[in-house]
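All remarks here apply to the structure that follows.
What follows is calculated from the coordinates using simple rules that are stated; it is not laboratory data. What you are looking at is a predicted structure, and each value in this text was computed from that prediction instead of being measured. Counting neighbours? That spans all protein chains shown, and the Cβs are built from the backbone with ideal geometry, glycine included.
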Amino acid sequence: SFIGEESVAAGEGSILTDNPTWIIDPIDGTTNFVHRFPFVAVSIGFVVNKKIEFGIVYSCIEDKMYTARKGKGAFCNGQKLQVSGQEDITKSLLVTELGSNRDPETIKIILSNMERLLSIPIHG
């Protein structure tokens with residue numbers, strides 16, 4: 001099976017089944033792309049039984065290839081990545097994105113989620 005982000009965003013229905021499925025976003029960061037903001041990627045994932053098996057993200061402008069495989073770790077241009085090990089949430093940095101949907105109910109949900117996130121005692 002195949003799920004394309006751009007077709008889903010255009011309103012086509014999509015159901016994730018247990019079948020092996022490719023999930024592809026050919027322009028991940030479409031809004032960035034439209035505004036010439038240089039954070040755009042091609043994102044590909046492969047799912048079996050509704051569980052991700054591997055993913056690949058190619059950051060075009062940076063020329064960085066991120067890969068990850070279930071149980072095998074994550075890499076950037078072949079170098080193994082690891083989390084920082086930071087356990088103190090007050091020293092963490094929160095990064096979020098609001099999306100482009102301006103439906104009033106969606107905005108209400110997003111702002112509610114943002115309020116909860118901003119109540120956490122994070123560094124920034």
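Can you work out the Karplus-derived ³J(HN,Hα) for every residue in segment 67-72? Use 6.51 cos²θ - 1.76 cosθ + 1.60 with θ = phi - 60°, whole Hz, and x for glycine or proline.
My calculation for segment 67-72 gives 9, 8, 9, 3, x, 10 Hz in order.
Which ³J(HN,Hα) values in Hz, rounded to whole numbers, follow from the phi angles of segment 96-113 under the Karplus curve 6.51 cos²θ - 1.76 cosθ + 1.60, where θ = phi - 60° and Gly and Pro get x?
Once rounded to whole Hz, the list reads 9, 9, 8, x, 10, 6, 10, 4, x, 5, 5, 4, 4, 5, 4, 5, 5, 5.
Which of rounded, prolate, oblate describes segment 1-83, given a ≥ b ≥ c as roots of the alpha-carbon gyration tensor eigenvalues and a/c under 1.5 marking rounded, otherwise prolate only if a/b is larger than b/c?
Values: a/c = 3.15, a/b = 1.05, b/c = 3.00.
Note, shape of segment 1-83 comes out oblate.
Can you compute the charge dipole magnitude of the chain about its Cα centre, using +1 on each Lys and Arg Cβ and -1 on each Asp and Glu Cβ, nothing else charged? Give it in debye, rounded to the nearest 20.
400
Using θ = phi - 60° and the Karplus form 6.51 cos²θ - 1.76 cosθ + 1.60, what ³J(HN,Hα) does each residue of segment 57-62 get, whole Hz, x for Gly and Pro?
Calculated HN-Hα couplings, in order: 10, 10, 7, 4, 5, 7 Hz.
Around PHE54, which amide H atoms from residues at least 5 apart in sequence, or from another chain, sit under 5 Å from its own amide H, with H modelled in the peptide plane?
PHE46, LYS70
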